[in-house]
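Heads up, the thing below is written out as structure tokens.
Nothing in this text is a laboratory measurement; each read-out follows from the coordinates by a stated rule. Being a predicted model, the structure only gives us computed values, none of them experimental. Here Cβ is always computed from backbone atoms with ideal geometry, including for glycine, and neighbour counts include all displayed protein chains.
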Amino acid sequence: MPLPSYGVLKGNLFIPTEQTEQGNWFHGIYYVTYPGTSIPRKCATDFSSATANNVQYKIFNNLKRDLFTNMLNLSDGYYDLQPNSTSGALDYIRSPLLGPGGCLEALVGFWKLLFNATLSDGWIVSDGDNAVAELQQLLNGSPAKLYVFGEPFTDDAPVVSDGVTSQNGMHNIHMNQGDPPVSSDGIDHQADDGIWQDGATIFESANGTLTAFCNKFVTQSMNTNNQGLPA
């Protein structure tokens with residue numbers, strides 16, 4: 001069953017740029033603002049644990065702008081995205097132009113097209129501390145615009161955390177498919193699995209260059225069926 005809601009939040013980075021938060025899971029936190037909102041939106045990237053090597057991340061530089069036309073043409077704000085290949089939704093595995101070839105051929109073709117890389121290249125196994133540090137480096141680059149893909153959440157009232165007041169925001173900013181029946185935290189996350197609903201943060205620089213920070217858990221498979229479950 002897919003996420004209850006999925007979309008993209010487009011806006012400006014709010015300073016302070018990043019915090020960490022250790023609740024049930026370790027998170028990297030940053031905030032986004034956009035015209036018409038007086039309170040920043042909180043964006044929580046789940047890295048599972050600060051010290052255990054439970055995650056993988058990958059940074060994609062110089063994304064092809066013509067493949068993100070839907071996203072770039074949006075005004076600032078939050079938008080629901082339908083889980084399909086034409087809405088602008090992200091899927092770490094699928095392409096809108098899948099051919100008749102085998103699964104691996106299709107996967108490699110998608111990542112080569114979208115990120116100028118092969119599916120298996122460059123994923124780094126990491127603990128949360130290191131992954132947050134890499135995310136922070138991109139935040140420190142003073143992006144002109146952020147595009148945050150994931151699941152929106154709402155707060156009944158403003159929330160104060162580490163001196164920052166926020167309300168509403170985004171979570172599940174990571175791959176949202178391919179979970180095993182029981183993950184390393186002892187929880188079944190397959191209830192949220194689905195296709196065309198993966199989370200990521202895309203940074204747009206002042207000169208228009210696009211960079212993506214993608215992350216997943218080491219237990220998540222990159223080979224999934226049409227329900228987003230391990231194939």
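Here are a few things to note about the model shown:
- Stokes-Einstein, applied to the Kirkwood radius of segment 130-184 over Cα pairs at a viscosity of 0.890 mPa s and 25 °C, places its translational diffusion at 173 µm² s⁻¹.
- Taking each residue as 0.36 nm, the span from Asn225 to Ser85 lengthens on full extension beyond its C-alpha to C-alpha distance by 48.9 nm.
- FRET efficiency for the pair Leu67 and Glu134, taken as 1/(1 + (r/R0)^6) with r the Cβ-Cβ distance and R0 = 22 Å, rounds to 0.40.
- With θ taken as phi - 60° and the Karplus curve 6.51 cos²θ - 1.76 cosθ + 1.60 applied, the whole-hertz 3J(HN,Hα) list for segment 205-210 is 7, 4, 8, x, 5, 10 Hz, x standing for glycine and proline.
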